[in-house]
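Beneath this line is the structure, given in structure tokens, with notes to follow.
The values are calculated or read from the model by the stated rules, or taken from the named source; none is laboratory data. Quick caveat, the model's predicted, so the values are computed rather than measured. Backbone-built Cβ (ideal geometry, glycine too); neighbour counts: all protein chains shown.
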Protein chains: 4
Amino acid sequence: MKGKYPIGILGATGAVGQRYIQLLENHPWFEIAWLAASDRSSGKPYAEAAKWRLDTPLPERVARMVVSPAEPEGAPKIVFSSVDAAIAREMEPKFANAGCAVISNSSAYRMAANVPLVIPEINADHLHLIEEQPSRRDSGGYLVTNPNCSTIGLVLALKPIEERFGIEQIFVTTLQAVSGAGYPGVPSMDILGNVIPYIASEEEKMEAETLKLLGKLEGHSVTPLAARVTAHCNRVAVEDGHIESVSIKLGGKLGNKLGRPVTREDILAAWAEFRPLAGQDLPSAPAQPVEFAAQPDRPQPRLDRNRGKGMAVTVGRLRPCGVLDWKFTVLSHNTIRGAAGATILNAELLASLGKLEPGPSRWDGEPAAAAATAHV
Amino acid sequence: MKGKYPIGILGATGAVGQRYIQLLENHPWFEIAWLAASDRSSGKPYAEAAKWRLDTPLPERVARMVVSPAEPEGAPKIVFSSVDAAIAREMEPKFANAGCAVISNSSAYRMAANVPLVIPEINADHLHLIEEQPSRRDSGGYLVTNPNCSTIGLVLALKPIEERFGIEQIFVTTLQAVSGAGYPGVPSMDILGNVIPYIASEEEKMEAETLKLLGKLEGHSVTPLAARVTAHCNRVAVEDGHIESVSIKLGGKLGNKLGRPVTREDILAAWAEFRPLAGQDLPSAPAQPVEFAAQPDRPQPRLDRNRGKGMAVTVGRLRPCGVLDWKFTVLSHNTIRGAAGATILNAELLASLGKLEPGPSRWDGEPAAAAATAHV
Amino acid sequence: MKGKYPIGILGATGAVGQRYIQLLENHPWFEIAWLAASDRSSGKPYAEAAKWRLDTPLPERVARMVVSPAEPEGAPKIVFSSVDAAIAREMEPKFANAGCAVISNSSAYRMAANVPLVIPEINADHLHLIEEQPSRRDSGGYLVTNPNCSTIGLVLALKPIEERFGIEQIFVTTLQAVSGAGYPGVPSMDILGNVIPYIASEEEKMEAETLKLLGKLEGHSVTPLAARVTAHCNRVAVEDGHIESVSIKLGGKLGNKLGRPVTREDILAAWAEFRPLAGQDLPSAPAQPVEFAAQPDRPQPRLDRNRGKGMAVTVGRLRPCGVLDWKFTVLSHNTIRGAAGATILNAELLASLGKLEPGPSRWDGEPAAAAATAHV
Amino acid sequence: MKGKYPIGILGATGAVGQRYIQLLENHPWFEIAWLAASDRSSGKPYAEAAKWRLDTPLPERVARMVVSPAEPEGAPKIVFSSVDAAIAREMEPKFANAGCAVISNSSAYRMAANVPLVIPEINADHLHLIEEQPSRRDSGGYLVTNPNCSTIGLVLALKPIEERFGIEQIFVTTLQAVSGAGYPGVPSMDILGNVIPYIASEEEKMEAETLKLLGKLEGHSVTPLAARVTAHCNRVAVEDGHIESVSIKLGGKLGNKLGRPVTREDILAAWAEFRPLAGQDLPSAPAQPVEFAAQPDRPQPRLDRNRGKGMAVTVGRLRPCGVLDWKFTVLSHNTIRGAAGATILNAELLASLGKLEPGPSRWDGEPAAAAATAHV
């Protein structure tokens, strides 16, 4: 590969925007070419516009880049987006209509019928929905989304079970890290020594997104999984890493093809053998997307969130449930696997499928077309 | 009232032991007469034996009391116990056999068939089980227990619903404060910025105790509630106050006597009207044992745990559940309502029922018999 | 006493504003008559305008009060102010010019030559400066301020030493609670598992205010204490309670009148015997403003901040200093003694000195004049 | 290099022992050959004996190693030690007398006259003291120590200033992370939402060690720096990373060789140009041992502790001091630069000086002599 895809970032100064920058440093396929943020930041060098809050240094090259207005003019053909839903609702279609591949972490269009909501290990086939988008026909541009940070861990843990045994009912209680609320986000006076048993719209998102992700692409749309799901969402005093207590009822419409009761070993095997992207060499895909922690008191945010460079989900404490069938604990890194890494992995999947067009120019003046061609 | 019941405390230097001392300061009926702890502490003034860790001053009188060995000789006839289960297993029967009313927070005998597990607002009638205890006939002594800290909040929130509508299934995820593990308890390196998704034996205790508490005294034993219950227990970085995310399925063996679907208002009314101890004037009983917080993000440990002087349970976020029928959040102060206050309230109930004998002598040399007689 | 002084609050919805409301509930002399906040809040019932964040209930009466615009019209003659310095700079003179006693926690005018910066136990005589204010002559109104939250604990610990032995040099490092930054204040992502070694302008305030407070009223102005002072200010993950590590060099211009080296006992005695308000019966004044904690690891915010209902300062760890003479630790409750309680105590002092005029009307319609007269 | 030095670890299951294992994984010169811990652990596989608490995986090879008794028999000739002072006092001489190079993080012998207390960037020449140790002559074994976790950051920040301008007085207040107390260490009930203004013996260690480290090797012993130093030590709710607020008075016995006042730029230059190990290629030595953070609110533990892979110290907030001359903030990673990394860097220095003898055998059965020879 001689060149890299030039990437634009909408919402570059926010918490997820900073993670994009961190994770794209030295990325083998992608290179940051353009940064956009609110009017307040526009025109300033990134180092001045953003309060960098990660524990690795702000890359020098990015520090000096000037923040652009959030308009399609001058933007590259691939744009990662993580802006508030209200802003995304207006902004993302403008970029898609202008011919951009908008790969978004925002919630605005996740549940739209013709917008794919994708986790590459789960439902890569849903990407076909982009062909249903008018912008795709008009300008080539399209919109692809990844789920909410709390949904991703859950669905990665559920999918291997669902595809082998079916799932009828899902009960989940979250203990979510503060970084999920962005910056400044949760005031310290609200969360120190405390729990907030409420995150606006989070339960609704988790419930709806889970069923769409586990649903089936049929014709021009996705039929959601016919399961019942309920979520309790809580905020806790953790920096990064969402814990989820999950109970499930197996069976359901798919049935259990084993002809015998599902055992603990069956579920452990389903997780261990879940390697849907094996052989695809997506740079950010963890070798094992769902890791099982055998210790009785794991997973824990501080100790396990960085497994697979933050892209693996850790499950643990698998045991029978007194109400449904099985219960277990899930952990995922909410700003890597649950946000910035999710967008990047979606972009890698799109690149590997030939769905990313070369941009008009590379950030450093070399022709991006050539670079991208070299890659594809 | 001229005198007070003299009270002994087993495990007086521990976290719950300290709460007993705090809550009994200026108690209208009870007075600390005797403190016992491990051999290491025995013989020392309490102020030296214990590292006082509460934010109110250690009462001067207690500070100077000398810690006794944990033997029935010299102990008063009423003993509050909060020691490790392994120790309680041997120690509590010794005191009961010696004629003491052992009112315990320890888990050792909670599930024993002839030991009452009691929350006064829930199942005061279960106290009749003390008559099944051999020590009761031999020496007059007996053993009464209160539930685990995580069980109490749950059951107080469930009882008003259960008695009106029946409950078939119970799902609960806890977010428990570190004080529930005693002192030194949870190492800070384990919990700062972290969640521990495991508390040894806690889920088993919650599940079993809940059904016994909601069960029916039939003949010589309690028939547990015929419901299914499952618990997920997590430790979070909170000092005091357990949050619980709860879902329930109504109906069950008792049936819904309304003849129409149970509404949100029905449940709110059940909680609001739940005043089972009205008129009994137990000093530690909160006027309203279950308070509903109407704000969308409540209850919270820091803001709500001290309602009813730490003896009221706060519920909130009542809403339909996608898997069972209703879901809500419960908060209770784990070392007051969930431990020391629970023991004290049980003792108050026993006193009001005439089940507490006068002790042989009062701490200050006045005849305890007279004192107690004066009271009863 | 038949009535109470009607009190207005500027900045009523903020963190300190809420503390005023909490501390004035059942105050024997003062009654909240008027609440003002930003335009956004004006016209709404207080319960709707403010997100109540304290762990005692919002008083019902206050909950229903309608928030007024922050203009002198309709305000009572006594106004407590805790608004941002930039706002205070314009707003407080308007109220003083309109005849109000403005008793302020804001920093805008603390260092103005004709504005008293007062802690009643330290420098009540500085109140004479109000007579230097033009508004005092014109309308009767005036402005009195209390110090920064981090200054108050320091100066209360220093004063008993300074007045007996003199102080030449002061070194202080603070570990300040997040509530000092107001609400929303410090983002949780900044402080969880972290220290922020910087609080804007805090070191400058501490250094200047300390010397003015310990200074001498001479003629028409205060001559600051001729000592050298340096402050290092840090923010830590504590909800309430500022810890300060202090070293001092004795002597200086006042000299040591003992004729022998100052001993540890001398300093302990200075603290213990410091009761400058004895006999004045100010309702919020703690019996002992400076309490010494003898345990080696105290004071601690969680355990000691509520001494004297949050109005006492706790000192500990008195020991020789290898660079200056003595070193010790100070703790004070930053939103009670360090803010809202400081304003209230200043108001009590002014009332006891006859410097509070009756307001034109009481909140409940009774003539405030009568009420106040009855009191004075 | 064909082989590596075989390393033994005393105290292998503790918090610092785990850091040794983490940092030695893939170390180019050293290889863990032997692990020792208390009798309780001895004979067990390491994975079973230790509760691994770091966020990188326990290396497979180490997991399977069997923990040895803490006796010199069978130990390699190089031993890293991090055990409690009381244990080290007896154990370390036994290993030195048996011919081992004991490179220790324990405090037992740091201040012994013939024991070098060394930070390679500061006082490598002090290593000559090992020739004063009787064991060195008898068996070749010796003892080298590194300082306390709180001392190391301070002295690295002071040294560049001291060697250019001299330092007369040092004032330091620490805000120390809980990991400095080992595991289980600080109970969560003591530190959540709290500060503990006391760490036993810490202030004495900091004061004495600082002067020895900055002292001069003269003849057979070290003459400590003739400066005055005072330390205030506090524990805060941070996982890793000690913050220190420092004030200094320049000059002193060395004098200021500039002939003009020292400026802020002079000090910044002293830090920036401090590269005493340049050209020595010690694997764990950071390129720049003292990094200056220019942002006004840095360094911060969460954001800066991992600079230089945890081996660089970060300074910030350099500004004039009102009592002494200059004040600034220091941050260092207490379990890497302040403990395990300090020991390893000392070992690397000893290896580069030819002071590490080949051990009798390598862990994997290859002759360690050959390996070590190959290296030297």
TODO: State whether one or more residues within region A:181-198 are surrounded by fewer than 24 Cβ atoms within 10 Å (Cβ to Cβ) and aromatic (Phe, Trp, Tyr).
DONE: yes
Task: Subset of region D:30-48 [buried (at least 23 other Cβ atoms within 10 Å of the Cβ) and in contact with a Ser or Thr (Cβ under 6 Å, 6 or more places away or on another chain)] - done: D:Ala36, D:Ala37
Open item on the list: Among the residues of region B:17-33, are any more than 21 Å from B:Gly341 (Cβ to Cβ) and not hydrophobic (A, V, I, L, M, F, W, C)?
Closed with: no
Open item on the list: I want to confirm something. Restricting to region A:218-245 and keeping residues that are of a type in the set (A, V, I, L, M) and part of a strand (DSSP E or B), which single residue is farthest from the other protein chains (Cβ to nearest Cβ)?
Closed with: A:Val222
- [ ] Looking for whichever is away from chain C (no Cβ under 14 Å), closer than 27 Å to D:Val315 by Cβ, part of a helix (DSSP H, G or I) and under 15 Å from the mean Cα position of the chain (by Cα) here; the options are D:Val155, D:Val144. Which one fits?
- [x] D:Val155
TODO: Go through the residues of region C:160-170 one by one and say whether even a single one is away from every other protein chain (no Cβ under 14 Å), of a type in the set (S, T, N, Q) and either closer than 30 Å to C:Val323 by Cβ or crowded, with 24+ Cβ neighbours inside 10 Å (or both).
DONE: no
Open item on the list: Would you confirm whether or not region A:28-40 contains a residue that is outside the structural domain of A:Pro283 (by TED's automatic domain parsing), without any contact (Cβ under 8 Å) to a residue 60 or more places away in the chain and at positive phi?
Closed with: no
Task: Residue match in region A:173-181 (condition: of a type in the set (Gly, Ala, Ser), out of contact with any strand residue (DSSP E or B) (no Cβ under 7 Å at 6 or more places or on another chain) and not assigned by TED's automatic domain parsing to the domain that holds A:Gly316) - done: no
- [ ] Taking B:Ala49 as the residue in question, decide whether it is within 30 Å of B:Asp125 (Cα to Cα) and small (Gly, Ala, Ser).
- [x] no
Open item on the list: Quick check on my filter: what residues within region B:282-313 are assigned to a loop (DSSP other than H, G, I, E, B) and away from chain A (no Cβ under 14 Å)?
Closed with: B:Leu282, B:Pro283, B:Ser284, B:Ala285, B:Pro286, B:Ala287, B:Gln288, B:Pro289, B:Met311, B:Ala312
Task: Selected residue (criterion: farthest from the other protein chains (Cβ to nearest Cβ)) from residues of region D:325-352 that are more than 24 Å from D:Val236 (Cα to Cα) and hydroxyl-bearing (Ser, Thr, Tyr) - done: D:Ser352
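Each row is one residue, and each column tells you yes or no for (1) modelled with pLDDT of 95 or more; (2) within 15 Å of the chain's Cα centre (by Cα).
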| site | (1), (2) |
| --- | --- |
| C:Gln22 | yes, no |
| C:Leu35 | yes, no |
| C:Asp39 | no, no |
| C:Ala70 | yes, no |
| C:Ala86 | yes, no |
| C:Glu92 | yes, no |
| C:Asn97 | yes, no |
| C:Ser104 | yes, yes |
| C:Ala113 | yes, no |
TODO: Give B:Gly3, B:Gly8 a once-over and let me know the one that is farther than 28 Å from B:Ala200 by Cβ, touching a helix residue (DSSP H, G or I) at 6+ places or on another chain (Cβ under 8 Å) and in contact (Cβ under 8 Å) with a residue 60 or more places away in the chain.
DONE: B:Gly3
Task: Pick from region A:187-217, criterion over 30 Å from B:Ala237 (Cα atoms) and without any contact (Cβ under 8 Å) to a residue 24 or more places away in the chain, ranking: farthest from the other protein chains (Cβ to nearest Cβ) - done: A:Lys216
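Per-residue answers, yes or no, for (1) of a type in the set (Gly, Ala, Ser); (2) over 24 Å from A:Leu156 (Cβ atoms):
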position: A:His27; (1), (2): no, no
position: A:Ile32; (1), (2): no, yes
position: A:Leu35; (1), (2): no, yes
position: A:Asp55; (1), (2): no, yes
position: A:Glu71; (1), (2): no, yes
position: A:Ser81; (1), (2): yes, no
position: A:Met91; (1), (2): no, yes
position: A:Cys100; (1), (2): no, yes
position: A:Glu121; (1), (2): no, no
Open item on the list: Given the options A:Leu331, A:Leu324, A:Leu303, A:Leu349, name the one that is under 25 Å from A:Gly11 (Cβ atoms) and at pLDDT 95 or above.
Closed with: A:Leu349
Task: From the options C:Gly322, C:Gly316, C:Gly279, C:Gly259, residue that is of a type outside the set (D, E, K, R), in a loop (DSSP other than H, G, I, E, B) and within 13 Å of chain D (Cβ to nearest Cβ) - done: C:Gly322
- [ ] Please find, within region C:95-121, the residue that is farthest from C:Ala339 (Cα to Cα) out of those that are surrounded by fewer than 23 Cβ atoms within 10 Å (Cβ to Cβ) and of a type in the set (A, V, I, L, M).
- [x] C:Ala98
Task: Number of the condition not met by B:Glu244 [criteria: (1) over 14 Å from B:Leu154 (Cα atoms); (2) of a type in the set (Asp, Glu); (3) surrounded by 18 or more Cβ atoms within 10 Å (Cβ to Cβ)] - done: (1)
TODO: Go through region B:282-299 and count every residue that is within 21 Å of the chain's Cα centre (by Cα) and either among the acidic types (Asp, Glu) or not assigned by TED's automatic domain parsing to the domain that holds B:Ala272 (or both).
DONE: 1
- [ ] Show the residue pairs that are 6+ apart or on different chains and have beta-carbon atoms under 6 Å apart, the first residue being within region B:76-90 and assigned by TED's automatic domain parsing to the domain that holds B:Leu356, the second being of a type outside the set (Asp, Glu) and assigned to a helix (DSSP H, G or I).
- [x] B:Val79/B:Phe95; B:Phe80/B:Tyr20; B:Phe80/B:Thr343; B:Ser82/B:Val16; B:Ser82/B:Gly17
Open item on the list: Just to check your reading of the model, which residue among C:Pro224, C:Pro283, C:Pro289 is in contact (Cβ under 8 Å) with a residue 24 or more places away in the chain, of a type outside the set (Asp, Glu), surrounded by fewer than 18 Cβ atoms within 10 Å (Cβ to Cβ) and in contact with a helix residue (DSSP H, G or I) (Cβ under 7 Å, 6 or more places away or on another chain)?
Closed with: C:Pro283
Task: Top-ranked residue of region C:120-149 - restricted to ones that are β-branched (Val, Ile, Thr) and in contact with a Leu (Cβ under 6 Å, 6 or more places away or on another chain), ranked as farthest from C:Ala278 (Cα to Cα) - done: C:Thr145
